[in-house]
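In what follows, a single structure is set out as structure tokens and then discussed.
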Amino acid sequence: RHTVRDVHNYGPLDMAGVIRKSSNVGAVQIGLSMSPAQMWETFARFGFGVPTSTGFPGEASGLLRAAQSWRQVEQVTMAFGYGVSGTALQLTRAYAALASGGLLRPVSFLAVPAGEQPAGERALPADVAAEVNAMLEGVVGPGGTATKAAITGYRVAGKTGTTHIAAGGSYDRRRYLATFVGFAPVSHPRLAL
């Protein structure tokens, strides 16, 4: 009963093209290639659905419902970002994990000396993180959805997102939130935002 569309018909896309063009259709194909449990585990490994444990009062955990309760339409929409929610800090932490070769580290509002940084937990194998980072770098390059995020002299990687705002029990087609999350420089990441 539901049709997923892209803003434009991109034709066949490889994985890098799906990310570069922000293809909902491609994301759905990727999402449906996984079981709900595998998809949930991927979100969870990157820290979604739980607070970051900063100790900051009122920190939200976001929303990542148990995979057993998902209907197929929910899995489909979660593949391109609907039905799962997180804070800006959770999203930044997930991209910092990609930038650090797949290691999800604890968040701190205070600077942690270089020798005292916790090891973190492996969210993704380092070689896979490197492949994803190369694809995310394509998002800010020619033909990507975030060319305005490119910085002369720096390699930047990231991803755009567009979500319609929920109002009155459905999504308002005229109101949306546009985001960009990324890190730089790709060769030696120092900033994730």
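The values are calculated or read from the model by the stated rules, or taken from the named source; none is laboratory data. Quantities reported herein were computed from a predicted structural model and do not represent experimental measurements. Here the Cβ positions follow ideal geometry from the backbone for every residue, glycine too, while neighbour counts run over all protein chains shown. In case anyone asks, the SASA skips ligands and DNA or RNA and just uses the protein heavy atoms, side chains included. Shrake-Rupley method; radii C 1.70, N 1.55, O 1.52, S 1.80 Å.
Against the definition (among the aliphatic types (A, V, I, L, M), closer than 21 Å to residue 179 by Cβ and touching a Lys or Arg at 6+ places or on another chain (Cβ under 6 Å)), how does residue 107 come out, yes or no? Lay out the reasoning, then the answer.
Values: among the aliphatic types (A, V, I, L, M): yes; closer than 21 Å to residue 179 by Cβ: yes; touching a Lys or Arg at 6+ places or on another chain (Cβ under 6 Å): yes.
Judged against the criteria, residue 107 is a match.
Could you please tell me which pairs satisfy a Cβ distance under 8 Å, a separation of 6+ or placement on different chains, a first residue in segment 169-193 that is closer than 19 Å to residue 144 by Cα, and a second residue that is open to solvent by 70 Å² or more (accessible area, probe 1.4 Å) and polar (S, T, N, Q)?
Listed pairs, sorted by first residue: 177/162; 178/162; 179/162.
Based on this model, can you work out whether residue 40 counts as surrounded by 14 or more Cβ atoms within 10 Å (Cβ to Cβ), under 23 Å from residue 1 (Cα atoms), in contact with a helix residue (DSSP H, G or I) (Cβ under 7 Å, 6 or more places away or on another chain) and aromatic (Phe, Trp, Tyr)?
Numbers: surrounded by 14 or more Cβ atoms within 10 Å (Cβ to Cβ): yes; under 23 Å from residue 1 (Cα atoms): no; in contact with a helix residue (DSSP H, G or I) (Cβ under 7 Å, 6 or more places away or on another chain): yes; aromatic (Phe, Trp, Tyr): yes.
Considered against the rule, which asks whether it is surrounded by 14 or more Cβ atoms within 10 Å (Cβ to Cβ), under 23 Å from residue 1 (Cα atoms), in contact with a helix residue (DSSP H, G or I) (Cβ under 7 Å, 6 or more places away or on another chain) and aromatic (Phe, Trp, Tyr), residue 40 comes out as no.
What are the residue pairs meeting all of these: first residue in segment 1-22, first residue aromatic (Phe, Trp, Tyr), second residue assigned to a loop (DSSP other than H, G, I, E, B), Cβ atoms under 8 Å, and 6 or more apart or on different chains?
The qualifying pairs are 10/23.
Go through segment 1-37 and give me each residue that's of a type in the set (Asp, Glu), open to solvent by 70 Å² or more (accessible area, probe 1.4 Å) and at pLDDT below 95. Steps first, answer last, please.
Residues of segment 1-37 that are of a type in the set (Asp, Glu), as a first pass: 6, 14.
Narrowing further to those that are open to solvent by 70 Å² or more (accessible area, probe 1.4 Å): 14.
Within segment 1-37, no residue meets the criteria.
Would it be correct to say that residue 162 is under 13 Å from the mean Cα position of the chain (by Cα), modelled with pLDDT under 95, over 18 Å from residue 99 (Cβ atoms) and open to solvent by 40 Å² or more (accessible area, probe 1.4 Å)? Walk me through how you get there before you give the answer.
Details: under 13 Å from the mean Cα position of the chain (by Cα): yes; modelled with pLDDT under 95: yes; over 18 Å from residue 99 (Cβ atoms): yes; open to solvent by 40 Å² or more (accessible area, probe 1.4 Å): yes.
Answer is yes for this residue.
Considering only residues of segment 165-192 that are open to solvent by less than 70 Å² (accessible area, probe 1.4 Å) and not in a strand (DSSP E or B), which is farthest from residue 101 (Cα to Cα)?
Looking at the filtered set, the residue picked out is 185.
Does residue 151 meet the test of being more than 26 Å from residue 62 (Cβ to Cβ), surrounded by fewer than 14 Cβ atoms within 10 Å (Cβ to Cβ) and without any contact (Cβ under 8 Å) to a residue 60 or more places away in the chain?
Values: more than 26 Å from residue 62 (Cβ to Cβ): yes; surrounded by fewer than 14 Cβ atoms within 10 Å (Cβ to Cβ): yes; without any contact (Cβ under 8 Å) to a residue 60 or more places away in the chain: yes.
Yes.
Is it true that some residue in segment 57-78 is open to solvent by less than 60 Å² (accessible area, probe 1.4 Å) and under 23 Å from residue 184 (Cα atoms)?
no
Hey, can you tell me all the residues within segment 121-148 that are in a loop (DSSP other than H, G, I, E, B) and either at pLDDT below 95 or surrounded by fewer than 14 Cβ atoms within 10 Å (Cβ to Cβ) (or both)? Before you say what the answer is, go through the steps one by one.
Of all residues in segment 121-148, those in a loop (DSSP other than H, G, I, E, B) come to 123-125, 140-146.
Across segment 121-148, the qualifying residues are 125, 142, 143.
If you check residue 85 against the conditions, is it in contact with a strand residue (DSSP E or B) (Cβ under 7 Å, 6 or more places away or on another chain) and open to solvent by 40 Å² or more (accessible area, probe 1.4 Å)? Spell out the reasoning first.
Details: in contact with a strand residue (DSSP E or B) (Cβ under 7 Å, 6 or more places away or on another chain): yes; open to solvent by 40 Å² or more (accessible area, probe 1.4 Å): yes.
Answer is yes for this residue.
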